[in-house]
Amino acid sequence: MSNVIDQARALADAGEVNAARSIYKQILQTESGNPDLLEEVGFFEAQAGCFPEAIGLMKLALKIRPNDPISHLNIAETYRLFGANDEAKHHYNKVIETSPGEPDAYFGLANLEISTENWSSASANLELALKHNPNDIEGLHLHASVLRNLAEWKKAEECYLTALRLSPNSFEITFDLAKFYFEANRLDQAIEYFYKAEELSPLPDEDMLNFAHALTVTGRAKEAVPIAHKLLLSSKLTATAITRRGTTFSTLGMFDEAESDFRKALKISPKAYSPYEQLGTVHRLTDKDLQHLEHLVTLPDLTEDAQIGFNFALYNGYKDRKEYAKSFEHLKRACDLHLAANPIEAADIVDTTTTVIQTFDKEFFKDRASFGHKKPGAVFVVGMPRSGTTLTERVLSSHPNAIGRGERFAVPNIIDDIEGYPETLAEISAAAASESGRRLLNDMLSTADQETFAVDKLPGNFRNLSVISLFLPNAKIIWCKRNPIDNCLSCYEQHFSTGWSFTYSLEGLGVAYRQHERLMHHWMEVCPIPIHTVQYEELVSEPEKTARSMLEYVGLDWDPVCLNPEQVESNIATASMWQARQPINTGSVEKWRRYEEQLQPLIRALEEN
């Protein structure tokens, strides 16, 4: 008999379904009371897609041994694969009644919950499964994905890392961990695991784009270039992917290659809005483009994103042609559409600022004067977005002893991990503050060769000077200031993807700008680190005087190369990607006067606040 069963199994493995079925039927004629055989044939039928037959055989086995947990587990799995979730759940629970330590039952229940996107219940069942089998690599990997959907970043990271320790050469886990870090905006870790995953297997094109983006944003432009060029050889990219590749070229200053990609994307998808918006950003819209955009923006059934994107593109196109009134109409239309879908409360900005000011007073820093990692080397350039932070960073990073690291999210990530911030920062120990500061500085200097200073130019860190001062008391802080109306207009004309919701409202911008000033003046009074101010208008009109003062504050000797930051090879992955590659100039000073009439709501808000 065993030889005949082996023959049926061999035929099944070879894909000879009908021949295997014929032999199984012959065996069952004499072995119909064998539950193991019934379940084996049941699994064979399930794999062949014949679920009613498979379930019928499993039921026969269950009649023979109604209290057997394995039989209940087998029929539960078959029901789950058939899509009969209620029946599957019933039998999984029967397994747990008779054998509560059976991890596969909890694992099966978790898969049922995942199929309906009930992430919390799925996580609870996976925790029970892993309690009974803590080294289950598949369970750990699945639980990490579920926790990711629940935005439980710490727990998800722990599951990924545990699974990877158990299976260090798994491409799937390494690759998923890279994508997890990318999604969580922890780009240095994302880069580390993208590299590791690439060693194990080629990355998909879409994820190569994410890899290149992470490198450009973190100031590792030279490493991103070969990836971008490699992607030029790909013939499988969608219009969206080609647009993203073009954006990567833009961040690297390769504007001809970027334009070529944006136009390739439009050939594939003529009504796509993102390529047009990107062409506007790099000043490559033609008169023919504008005519076509005027037609596209009137089409019925446009998505909200398309309307916003087309109007931003038209704004940039008409602005380049100095048709300022017409350009502002499109800008306001784009911002109003975004604001209608994403309303803001100016009072929330005021309340948040007040909380920070009340939490971090002079006594807070006085009581923690000995805290932090004392080694110098970190420079934080802060201020409102579009206040000159990119130009300031490029002047600094032009110096041979400084490296620009772009907009880094290390400090916000630390804050995200502090439950109850800002109030609970007072509970941190001196040892923890010192260790966090050490890691933060090492992270900033991780790509430095001989440079002794690393520059983080995330503008929003003006909110986070409490953490910076506590963890790195010998850091340098440079506050970039600009004419308030120019600064706010420059924010208003940018299509920020995340993080600056108030920039779509002229009134909201006025409130946000004044609250930013209010907070910075507070820091200048209480912060133990002396803060150096750089006025944008002075930087572009008297670059040498301003640069010398800034370098002296940081602790760097004068070097005339700092007057030509546009000649330094680097990436700029921010809204300043075009402007910052031009020689230092005063072209953006007083530009608000082009729109003086349209900006009256902003001007009033600035005066009232």
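If you check His292, His283, His213, which single one turns out to be open to solvent by 60 Å² or more (accessible area, probe 1.4 Å), touching a residue at least 40 places away in the same chain (Cβ under 8 Å) and not in a loop (DSSP other than H, G, I, E, B)?
His213
Scan (1) modelled with pLDDT of 95 or more; (2) buried (at least 18 other Cβ atoms within 10 Å of the Cβ); (3) more than 30 Å from Arg220 (Cβ to Cβ) for the single condition Glu323 breaks and write down its number.
(2)
Could you tell me whether Lys179 is out of contact with any Asp or Glu (no Cβ under 8 Å at 6 or more places or on another chain) and part of a helix (DSSP H, G or I)?
So Lys179 fails the test.
Here's a check for you: in the stretch 391-436, which residue that is hydrophobic (A, V, I, L, M, F, W, C) and within 18 Å of Asp188 (Cβ to Cβ) is nearest to the chain's Cα centre (by Cα)?
By that ranking, first place goes to Phe409.
Which ones in the stretch 480-497 are more than 23 Å from His532 (Cα to Cα) and assigned to a loop (DSSP other than H, G, I, E, B)?
Those that are more than 23 Å from His532 (Cα to Cα) and assigned to a loop (DSSP other than H, G, I, E, B): Glu493, Gln494, His495, Phe496, Ser497.
So if I check each of Pro484, Pro459, which one is closer than 19 Å to Arg394 by Cβ and touching a residue at least 12 places away in the same chain (Cβ under 8 Å)?
Pro459
Would you call Asp256 open to solvent by less than 40 Å² (accessible area, probe 1.4 Å) and assigned to a helix (DSSP H, G or I)?
Here the answer is no, as Asp256 does not meet what is asked.
Restricting to the stretch 532-562, and then to whatever is of a type in the set (A, V, I, L, M) and under 21 Å from Gln450 (Cα atoms), can you tell me which residue is modelled with the lowest pLDDT?
Ranking the qualifying residues of the stretch 532-562, first place goes to Val561.
On the given criteria, is Phe171 aromatic (Phe, Trp, Tyr), surrounded by 22 or more Cβ atoms within 10 Å (Cβ to Cβ) and more than 20 Å from Met444 (Cβ to Cβ)?
It is false that Phe171 is aromatic (Phe, Trp, Tyr), surrounded by 22 or more Cβ atoms within 10 Å (Cβ to Cβ) and more than 20 Å from Met444 (Cβ to Cβ).
Based on this model, can you work out whether Ile415 counts as under 25 Å from Val395 (Cβ atoms), of a type outside the set (Ser, Thr, Tyr), out of contact with any Gly (no Cβ under 8 Å at 6 or more places or on another chain) and modelled with pLDDT of 90 or more?
It is false that Ile415 is under 25 Å from Val395 (Cβ atoms), of a type outside the set (Ser, Thr, Tyr), out of contact with any Gly (no Cβ under 8 Å at 6 or more places or on another chain) and modelled with pLDDT of 90 or more.
Could you count how many residues in the stretch 498-526 are part of a loop (DSSP other than H, G, I, E, B) and either buried (at least 23 other Cβ atoms within 10 Å of the Cβ) or touching a residue at least 24 places away in the same chain (Cβ under 8 Å) (or both)?
3
Out of all the residues in the stretch 226-253, which are over 12 Å from Ala212 (Cβ atoms) and either hydrophobic (A, V, I, L, M, F, W, C) or surrounded by fewer than 22 Cβ atoms within 10 Å (Cβ to Cβ) (or both)?
Matches in the stretch 226-253: Leu233, Ser234, Ser235, Lys236, Leu237, Thr238, Ala239, Thr240, Ile242, Gly253.
So which of Ile137, Ile70, Ile114, Ile64 ends up being β-branched (Val, Ile, Thr), without any contact (Cβ under 8 Å) to a residue 60 or more places away in the chain and open to solvent by less than 50 Å² (accessible area, probe 1.4 Å)?
It is Ile114.
For the stretch 10-35, which residues satisfy the criterion of being free of Cβ contacts under 8 Å to residues at least 24 places away in the same chain, surrounded by fewer than 13 Cβ atoms within 10 Å (Cβ to Cβ) and in contact with a helix residue (DSSP H, G or I) (Cβ under 8 Å, 6 or more places away or on another chain)?
Gln26 - this is the single residue of the stretch 10-35 that is free of Cβ contacts under 8 Å to residues at least 24 places away in the same chain, surrounded by fewer than 13 Cβ atoms within 10 Å (Cβ to Cβ) and in contact with a helix residue (DSSP H, G or I) (Cβ under 8 Å, 6 or more places away or on another chain).
If you go through the stretch 442-452 one residue at a time, how many are surrounded by fewer than 22 Cβ atoms within 10 Å (Cβ to Cβ), in contact (Cβ under 8 Å) with a residue 60 or more places away in the chain and among the hydrophobic types (A, V, I, L, M, F, W, C)?
Within the stretch 442-452, residues that are surrounded by fewer than 22 Cβ atoms within 10 Å (Cβ to Cβ), in contact (Cβ under 8 Å) with a residue 60 or more places away in the chain and among the hydrophobic types (A, V, I, L, M, F, W, C) number 1.
Which count do you get for residues in the stretch 117-134 that are in a loop (DSSP other than H, G, I, E, B) and either open to solvent by 70 Å² or more (accessible area, probe 1.4 Å) or touching a residue at least 12 places away in the same chain (Cβ under 8 Å) (or both)?
Adding up the residues that qualify gives 3.
Does the stretch 527-545 hold any residues that are more than 27 Å from Ala369 (Cα to Cα) and in contact (Cβ under 8 Å) with a residue 40 or more places away in the chain, and which are they?
Gln535, Tyr536, Glu537, Leu539, Val540, Ser541, Pro543
What number goes with the only condition from (1) modelled with pLDDT of 85 or more; (2) farther than 30 Å from Ala151 by Cα; (3) buried (at least 17 other Cβ atoms within 10 Å of the Cβ) that Ala46 does not pass?
Checking Ala46 against (1) modelled with pLDDT of 85 or more; (2) farther than 30 Å from Ala151 by Cα; (3) buried (at least 17 other Cβ atoms within 10 Å of the Cβ), the one that fails is (1).
For Glu608, all conditions in the list (1) modelled with pLDDT under 95; (2) farther than 30 Å from Val282 by Cβ; (3) crowded, with 16+ Cβ neighbours inside 10 Å hold save one; what is the number of the exception?
All conditions are met except number (3).
Search the stretch 327-382 for residues being among the basic types (Lys, Arg) and either in contact with an Asp or Glu (Cβ under 7 Å, 6 or more places away or on another chain) or surrounded by fewer than 12 Cβ atoms within 10 Å (Cβ to Cβ) (or both), and hand back the single one that is nearest to Leu458 (Cα to Cα).
By that ranking, first place goes to Lys362.
Out of everything in the stretch 140-151 that is in contact (Cβ under 8 Å) with a residue 24 or more places away in the chain and under 15 Å from the mean Cα position of the chain (by Cα), what residue ends up being surrounded by the most Cβ atoms within 10 Å (Cβ to Cβ)?
For the stretch 140-151, the residue satisfying everything is Arg148.
The values are calculated or read from the model by the stated rules, or taken from the named source; none is laboratory data. All of these numbers come straight from a predicted model, not from anything done at the bench. Neighbour counts are summed over all protein chains in view; Cβ atoms, including those assigned to glycine, are modelled from backbone coordinates with ideal geometry. Protein only, heavy atoms only, side chains kept; ligands, DNA and RNA dropped before computing areas. Shrake-Rupley method; radii C 1.70, N 1.55, O 1.52, S 1.80 Å.
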